[in-house]
Amino acid sequence: MGSSIRSALSVMAAACCIVGIAASGALGWLAPNETKVSELAPGVFFRKAQTEPVFIGCNQGWIEFRDFVLVIDANFPGQAAEVIKLIGQHTKKPIRFVFDTHHHGDHADGNVHYAKQGATVIANERSRPLFETTGLKGFEGGKKTKAAEYADLPYEMPTLYFDRKFVIDDGTQRVELLFFGHGHTAGDAVAWMPKHGILFTGDACVNGAFNYTGESDTASWITALTAMTELPIKQIAPGHGELSDKTLLEKQRRYFQELRMAVGKAIEAGKSLDQIKAELDIPFYKEWAGVEAKTRVENIEHVYRELKPKA
Ligand SMILES: [Zn+2]
């Protein structure tokens, strides 16, 4: 998800319970779902965020090592506070690390809550200039909305950056933080647990109609997803949407392949962006994501800009 929608989302996050009840009653077609926690392997937890009738933030993971906890994705500040409480109900071990899969506010704006407890925030080094520019700007935007969860909070950027791979292994758990290239953003990284075959993907791979492409390179994204398929994956914990298995990488990749092909052919046929938006049809996408591809206007516009011959 992107920073441009941060303000609205953070307000929604603060009001999720009330809005959820009201919206599910008034709009019967929106099937509500709830935030839920699963233990994917001993000491490896996945917290799936509610997405309907309102989106309250990103999915998160946390991993209990022998002496400490690693959190995957900080989430919005309000959700971060919830997760810290939740982890405290499971273990008294301190949260020592938070890994931000990328700089977007719904994954990273809650960093400060973990840092206040002494945790180190880790991210890929290519995300550093993004934290320092769009990330910071988005955070300030969040504060300006006066959303209670942002009140008086400073922006906390990662303090530990890695290049292609960063390993945390204490003999009980092993997590490899891996960079596969420019996908959803230039600084995406994922968390791989080779002993369990679990991949936490952040927004590099999501399950459903959650892709934001504004800072992406969709050609490179396809290459990165292809490289991830080399891992012996049993389970995928995506940044948004339900848990899945390795087939999710193929679905995510296929969407960008088919979107690029459809938009590219339409450009060749001389169609305008408005025509493409009206006519785009990717039947597979609806089967997977539950909505028509033509509703993903931001994605269509981005790919159109990528593929349109430069003047
Ligand atoms: Zn994102």
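Any read-out appearing in this document is the output of simple, stated calculations on the displayed coordinates, not a laboratory observation. These figures come from a predicted structure and were not determined experimentally. Here Cβ is always computed from backbone atoms with ideal geometry, including for glycine, and neighbour counts include all displayed protein chains.
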Checklist entry - Roughly how many whole Å is it from the C-alpha centroid of the range 218-253 to that of the range 102-143? => result 24
Item to check | Two-decimal log10 I(q)/I(0) for the range 71-112, as the Debye equation yields it once each C-alpha is a single scatterer, q = 0.20, 0.21, 0.29, 0.34 Å⁻¹ | outcome: -0.55, -0.60, -0.99, -1.18
Item to check | Which of His104, His90, His302, His113 has the fewest Cβ neighbours within 10 Å, and the rest in rising order | outcome: His90, His302, His113, His104
Item to check | Structure-based [θ]222 nm, the chain - -39500 (n - 2.57) summed over DSSP H runs of at least 4, per residue, nearest 500 | outcome: -10500 deg cm²/dmol
Checklist entry - Among Arg126, Arg174, Arg66, whose mean-square fluctuation peaks in a Gaussian network model of the chain (Cα, cutoff 10 Å)? => result Arg66
Item to check | Table column - 3J(HN,Hα) (Hz), the range 206-217, Karplus curve with 6.51, -1.76, 1.60, x for Gly and Pro | outcome: 10, 10, x, 7, 10, 5, 10, 10, x, 10, 9, 10
Item to check | Highest to lowest packing among 203-211, 252-260, scored as the average C-beta count within 10 Å | outcome: 203-211, 252-260
Next on the checklist: Rg and Dmax in Å for the range 140-224, alpha carbons only: what are they?
Outcome noted: 16.1, 45
Checklist outcome for this item: Across all Cα atoms of the chain, Rg and the largest Cα-Cα distance (Dmax), in Å, are 19.0, 62
Checklist entry - Around Gly202, which amide H atoms from residues at least 5 apart in sequence, or from another chain, sit under 5 Å from its own amide H, with H modelled in the peptide plane? => result Gly239
Item to check | Cα-based shape type of the range 69-221, given that a ≥ b ≥ c are square roots of the gyration tensor eigenvalues and the cut on a/c is 1.5 | outcome: oblate
Next on the checklist: Suppose the Debye formula is applied to equal point scatterers at every Cα of the range 201-279; what is log10 I(q)/I(0) at q = 0.25 Å⁻¹?
Outcome noted: -1.19
Checklist entry - Taking N as the number of residues in the range 252-311, what is its alpha-carbon radius of gyration divided by 2.2 N^0.38 Å? => result 1.04
Checklist entry - Measuring from label point to label point, each 7 Å out along Cα→Cβ, what is the Lys234 to Arg66 span in nm? => result 2.3
Checklist entry - Once amide H atoms are placed 1.01 Å from N in the peptide plane, what residues at a sequence separation of 5 or more from Val69, or on another chain, have their amide H within under 5 Å of its amide H? => result Ile95, Arg96, Phe97
